[in-house]
Every structure is written in structure tokens, then in C-alpha cells.
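**Student:** Could you have a look at this structure, given as C-alpha cells, before my questions?
Any read-out appearing in this document is the output of simple, stated calculations on the displayed coordinates, not a laboratory observation. Computed from a predicted model, the values in this text were never measured in an experiment. Note: ideal-geometry Cβ built from the backbone for every residue, glycine included; neighbour counts use all protein chains shown.
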Amino acid sequence: MRQLRSFVLLLLLLLLLAAPASATRLTHADYARSEPAADALLTEPPRKVKVWFTQELFRRDGENWVRVTGPDGTRVDLDDTTVDDDDRTLASVSLAEALPDGVYTVAWRGLSAEDGHPGEGEFTFTVAANPAPPQETPAANQVATSEPATLTAPTVAVTLVATPAPSNSGSSGGLPCLGASPVVMLAFAGVLIGRKKRSSL
């Protein structure tokens, strides 16, 4: 009885240890890439939408599909999703003609051939026949419209200072001021010489 109980406990322990390992192996057929690419901006609508998955798809009716809705929310695909014969990771769907500009939503579903689990998701692309050019920053192409500044010559003030005439006041024997003219100085020298001659007589 004790041996049976030990065996049951050991079996439960092995099952618990094996459960996380098996869970990690459960993967899905997820989105790998597409044409048009997710968030693509097209100048004309595509004729088909192709989606590649991370795993091969299990061929079962209704399990793998790609559906496209237009800007107004209506279906614009032809409901003819097919899995490629040569590449089982590829599913594609045809689109109606003359699609208008706008944002289109692509919903997809893929059933994994490895574990039988489905994966689902969606992405968008935009059709704009005449996309608006990128706006340029005003600072990059700013054209100067203001008139050039007028250069004004600086005004130089000239002040004329009148020099006062030399003063004749003072003692008669004093020297003339340094600002006197040469004529006055010569006349004064003559007067001094005359005085010296008179005093010597």
C-alpha cells in the first residue's frame, strides 16, 4: 500500500514537471509580414492582399482567412482566401477594383498545422492617389520681406571754443602771456631794450 502511494505521488510529480514544458511548445501561426505591409501608404489600391505566417497553415475550410474592409467599414475583398500550394505559410485574398482612397483594415486568421491552434490579428494600410507633400517648416524657407534698414550716418557735433585775447593787465615789466602773437612779443622786446639804453646813459 505504501509503495502504491509513493508511485502515485511520483507520477503526479512527473506530470507537473512535464506540463510547463509542453505548454511552451504550444505556438500559433502568427503574422510574419504582408503585402501591402502594415501601415503602408500606397498611391494606388492593390489587387491582392498577401499575408505570411510564422508557421504552415492547416488546410481546413473556413479556418484560414484574410478579410479586408474599406474606409466606410464594408468588405472590399472577394472572399476567396487561398493557401499557397508551394508555400503553406502564405494566404492571400483578391480585392475589388476601383477602390477609393482611405484607410483599409486587414483582419487575418491562421490555423497552425503544427499544434492545431489558431492565431488572429489585424493591421491597416492607406491608399492615397495624391498624397500631400510634406510640409516645410517656415524657418527653413522663410523669405525676408521687410525693407532693408536705412543706415544713418552718425552726427558729429563740432564745438568751436573761442580763445580769449591775451590780457594787457599787470605790471609793465611782466612777461607777456604765452598765448601772445609774435608781433606783440617783438614790440615788447623793443621797449625793454630802449629802457635799458636810457638807464645806462
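**Student:** Which cross-chain or sequence-distant (5 or more) residues have an amide H under 5 Å from the amide H of residue 34, H modelled 1.01 Å from N in plane?
**Tutor:** 52
**Student:** Could you calculate the FRET efficiency of residue 11 with residue 60 from 1/(1 + (r/R0)^6), where r is the beta carbon distance between them and R0 is 35 Å, rounded to 0.05? All intermediate terms of the calculation are to be shown ahead of the outcome.
**Tutor:** Values: r = 35 Å, r/R0 = 1.01.
The computed FRET efficiency comes out at 0.50.
**Student:** How much FRET efficiency would the formula 1/(1 + (r/R0)^6) give for residue 135 and residue 47, where r is the Cβ-Cβ distance and R0 is 45 Å, rounded to 0.05?
**Tutor:** 0.90
**Student:** With a Förster radius of 22 Å, plug the Cβ-Cβ distance of residue 126 and residue 82 into 1/(1 + (r/R0)^6) and report the FRET value to the nearest 0.05.
**Tutor:** 0.30
**Student:** While we're on this one: Compute log10 of I(q)/I(0) for the stretch 27-127 with the Debye formula, placing one identical point scatterer on every Cα and leaving out solvent, at q = 0.16, 0.18, 0.19, 0.22 Å⁻¹, to two decimals.
**Tutor:** The Cα Debye sum returns log10 ratios of -0.61, -0.76, -0.84, -1.07.
**Student:** Would you kindly state how much longer the chain becomes between residue 115 and residue 75 on full extension, computed as 0.36 nm times their sequence separation minus their alpha carbon distance, in nm to one decimal? Working shown, then result.
**Tutor:** On the way: separation 40, 0.36 × 40 = 14.40 nm, distance 3.05 nm.
Extending this stretch completely gives an extra 11.4 nm.
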